[in-house]
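Trainee: Quick one: the structure is below, questions incoming.
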Amino acid sequence: MDKTRKAVTILGGGTQGTRLAFMWTRKGRPVYLVDQNEQQLLRARKGIDDLRSQLQSLWATSTHWGEVITTPPKELEQAASKSWLVLECVPESLKLKRSVVQELDQISSPETIVASNSSSYTIEEILEGQKLKYDDRFASLHSYWPPETSAIEVMGSSQTRPEIITRLMEETKKHGFSPFHVRKTSTGYIYNRIWAAIKREALLTLSEGVATPEEIDAIFKDVLKTPKGPCEQMDVVGLDVVRDIEQHYADVRTGIPEQPRTYLQGMIDQGRLGVKSGSGFYHYGDKK
């Protein structure tokens, strides 16, 4: 495995791509941040600068930051040639992710690790049916909300070489993540499987009229001492997104109850999507 290349290439300059670029430049190494939207790249650069200024004093250590090189898609191959890792953070569309994976397999060297940040799809699902030259260097590298939440889940496919996982575990730890190895293919990884069960039971409880959202959140926070309850969290994520995630679980697993999705669909049909629409389980005022 080539350890002379120090750069990381990130596809997607949205919120997650911005925060991951911040994390991967903590050791002075460069990051190529690729997005077709020039304005998004400008916002990403400002977001990275803001994170650096906010957290430099908090860490109380001197950090030599790596350069963030904002890059249009036409220069992706050049960026990949200088990177030991290429990480996709494109929207949660299986068709799009498969297209991206196919392109990255063609343009990057066999020693380049290619990883997906997808929260919904395992790397096994993304690679399924693909004709790839080097399918043994792909992995899932799923993060949450870095740097505030440092957990990152590392999961290979049935073809992934063991040394790929080893290097990802080592490098993520060096760069301030808390890596967890998902030892078998798992839809939802580790944390999201547990969190999905909590969401599902909260929705079942609501659909059966056992408690209100306020009561569910209050007892959850009282017992577990968390800042938000399940209904508050789902409102932040977006109820349409929660519904889609639940549908994906139902598609790949047996025994997933239908009532939570039906309950969510009723709210979605009313235009109640959570914070982004102004109302969900709670009211947030007028939103554009």
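Trainee: Output yes when any residue across region 108-122 is free of Cβ contacts under 8 Å to residues at least 60 places away in the same chain and of a type in the set (D, E, K, R), and no when none is.
Mentor: No; the residues of region 108-122 include none that is free of Cβ contacts under 8 Å to residues at least 60 places away in the same chain and of a type in the set (D, E, K, R).
Trainee: Among the residues of region 49-56, is any touching a strand residue (DSSP E or B) at 6+ places or on another chain (Cβ under 9 Å), in the same structural domain as P146 (by the TED database) and surrounded by 14 or more Cβ atoms within 10 Å (Cβ to Cβ)?
Mentor: no
Trainee: For H175, indicate whether it is closer than 30 Å to R29 by Cα and open to solvent by 50 Å² or more (accessible area, probe 1.4 Å).
Mentor: On the way: closer than 30 Å to R29 by Cα: yes; open to solvent by 50 Å² or more (accessible area, probe 1.4 Å): no.
Answer is no for this residue.
Trainee: Take D135 and tell me if it is open to solvent by 40 Å² or more (accessible area, probe 1.4 Å), over 19 Å from F22 (Cα atoms) and within 22 Å of the chain's Cα centre (by Cα). First the steps, then the outcome.
Mentor: Working: open to solvent by 40 Å² or more (accessible area, probe 1.4 Å): yes; over 19 Å from F22 (Cα atoms): yes; within 22 Å of the chain's Cα centre (by Cα): yes.
Considered against the rule, which asks whether it is open to solvent by 40 Å² or more (accessible area, probe 1.4 Å), over 19 Å from F22 (Cα atoms) and within 22 Å of the chain's Cα centre (by Cα), D135 comes out as yes.
Trainee: Filter region 241-274 down to the residues that are in contact (Cβ under 8 Å) with a residue 40 or more places away in the chain and more than 25 Å from the chain's Cα centre (by Cα), then identify the one that is surrounded by the most Cβ atoms within 10 Å (Cβ to Cβ).
Mentor: Among them, the one singled out is Y263.
Trainee: Sticking with this one: Test of understanding: among E153, E128, E103, which residue is over 22 Å from L76 (Cβ atoms), open to solvent by 30 Å² or more (accessible area, probe 1.4 Å), among the acidic types (D, E) and in the same structural domain as S81 (by the TED database)?
Mentor: On the way: E153 fails: open to solvent by 30 Å² or more (accessible area, probe 1.4 Å); E103 fails: over 22 Å from L76 (Cβ atoms).
Of the residues listed, the single one that is over 22 Å from L76 (Cβ atoms), open to solvent by 30 Å² or more (accessible area, probe 1.4 Å), among the acidic types (D, E) and in the same structural domain as S81 (by the TED database) is E128.
Trainee: I need the full set of residues from region 109-137 which are among the aliphatic types (A, V, I, L, M) and part of a strand (DSSP E or B), in order please.
Mentor: Here is the first cut: in region 109-137, the ones among the aliphatic types (A, V, I, L, M) are 113-115, 123, 126-127, 132.
Result: I113, V114, A115.
Trainee: When P146 is evaluated against the numbered criteria (1) within 18 Å of the chain's Cα centre (by Cα); (2) over 24 Å from G255 (Cα atoms); (3) not in a loop (DSSP other than H, G, I, E, B), which criterion, by number, is the only one it fails?
Mentor: Answer for P146: the failing condition is (3).
Trainee: While we're looking at this one, here's another question. Does region 23-33 contain at least one residue that is open to solvent by 40 Å² or more (accessible area, probe 1.4 Å) and in contact with a Leu (Cβ under 9 Å, 6 or more places away or on another chain)?
Mentor: no
Trainee: Shifting gears a bit: Considering (1) open to solvent by less than 50 Å² (accessible area, probe 1.4 Å); (2) in the same structural domain as R52 (by the TED database); (3) polar (S, T, N, Q), say which one S158 fails and leave the rest.
Mentor: (1)
Trainee: What are the residues in region 110-122 that are open to solvent by less than 10 Å² (accessible area, probe 1.4 Å) and closer than 19 Å to D244 by Cβ, if any?
Mentor: Of the residues in region 110-122, the ones open to solvent by less than 10 Å² (accessible area, probe 1.4 Å) are 112-116, 118, 122.
Of everything in region 110-122, those that are open to solvent by less than 10 Å² (accessible area, probe 1.4 Å) and closer than 19 Å to D244 by Cβ turn out to be S116, S118, T122.
Trainee: Only residues that are closer than 13 Å to T122 by Cα and open to solvent by 50 Å² or more (accessible area, probe 1.4 Å): list them for region 182-205, please.
Mentor: The first filter runs over region 182-205 and keeps only residues closer than 13 Å to T122 by Cα, leaving 182-190, 192-193.
Once the filter is applied, which keeps residues that are closer than 13 Å to T122 by Cα and open to solvent by 50 Å² or more (accessible area, probe 1.4 Å), region 182-205 yields R183, K184, T185, I190, R193.
Trainee: Could I ask something else about it? Could we say that G278 is within 15 Å of K199 (Cβ to Cβ), open to solvent by less than 30 Å² (accessible area, probe 1.4 Å) and among the small types (G, A, S) here? Step through it out loud before you land on a result.
Mentor: Numbers: within 15 Å of K199 (Cβ to Cβ): no; open to solvent by less than 30 Å² (accessible area, probe 1.4 Å): yes; among the small types (G, A, S): yes.
Considered against the rule, which asks whether it is within 15 Å of K199 (Cβ to Cβ), open to solvent by less than 30 Å² (accessible area, probe 1.4 Å) and among the small types (G, A, S), G278 comes out as no.
Trainee: What are the residues in region 223-239 that are modelled with pLDDT of 95 or more and surrounded by 14 or more Cβ atoms within 10 Å (Cβ to Cβ), if any?
Mentor: G229, P230, C231, E232, Q233, M234, D235, L239
Trainee: Quick one: would you say F220 is surrounded by fewer than 18 Cβ atoms within 10 Å (Cβ to Cβ), aromatic (F, W, Y), modelled with pLDDT of 95 or more and not in a loop (DSSP other than H, G, I, E, B)? I'd like the intermediate steps shown before the answer.
Mentor: Values: surrounded by fewer than 18 Cβ atoms within 10 Å (Cβ to Cβ): no; aromatic (F, W, Y): yes; modelled with pLDDT of 95 or more: yes; not in a loop (DSSP other than H, G, I, E, B): yes.
In short, no.
Trainee: Quick one: would you say S158 is part of a loop (DSSP other than H, G, I, E, B) and either within 19 Å of A80 (Cβ to Cβ) or in contact with an Asp or Glu (Cβ under 7 Å, 6 or more places away or on another chain) (or both)? Quick ask: steps written out before the conclusion?
Mentor: Working: part of a loop (DSSP other than H, G, I, E, B): yes; either within 19 Å of A80 (Cβ to Cβ) or in contact with an Asp or Glu (Cβ under 7 Å, 6 or more places away or on another chain) (or both): yes.
Yes, satisfied.
Trainee: Take the conditions within 21 Å of the chain's Cα centre (by Cα), crowded, with 20+ Cβ neighbours inside 10 Å, touching a residue at least 24 places away in the same chain (Cβ under 8 Å) and over 18 Å from L168 (Cβ atoms) and apply them to E92. Does it pass? Outline the logic, then answer.
Mentor: Working: within 21 Å of the chain's Cα centre (by Cα): yes; crowded, with 20+ Cβ neighbours inside 10 Å: no; touching a residue at least 24 places away in the same chain (Cβ under 8 Å): yes; over 18 Å from L168 (Cβ atoms): yes.
No: the conditions fail for E92.
Trainee: Pairs, please: C-beta under 6 Å, at least 6 apart or cross-chain, first residue without any contact (Cβ under 8 Å) to a residue 24 or more places away in the chain and in region 190-209, second not charged (D, E, K, R)?
Mentor: T205/A211
The values are calculated or read from the model by the stated rules, or taken from the named source; none is laboratory data. Being a predicted model, the structure only gives us computed values, none of them experimental. Using ideal geometry, Cβ is built from the backbone for each residue, glycine included, and neighbour counts are taken over all protein chains shown. Just so you know, the surface numbers come from the protein's heavy atoms only, side chains and all, with ligands and any DNA or RNA stripped out. Shrake-Rupley method; radii C 1.70, N 1.55, O 1.52, S 1.80 Å.
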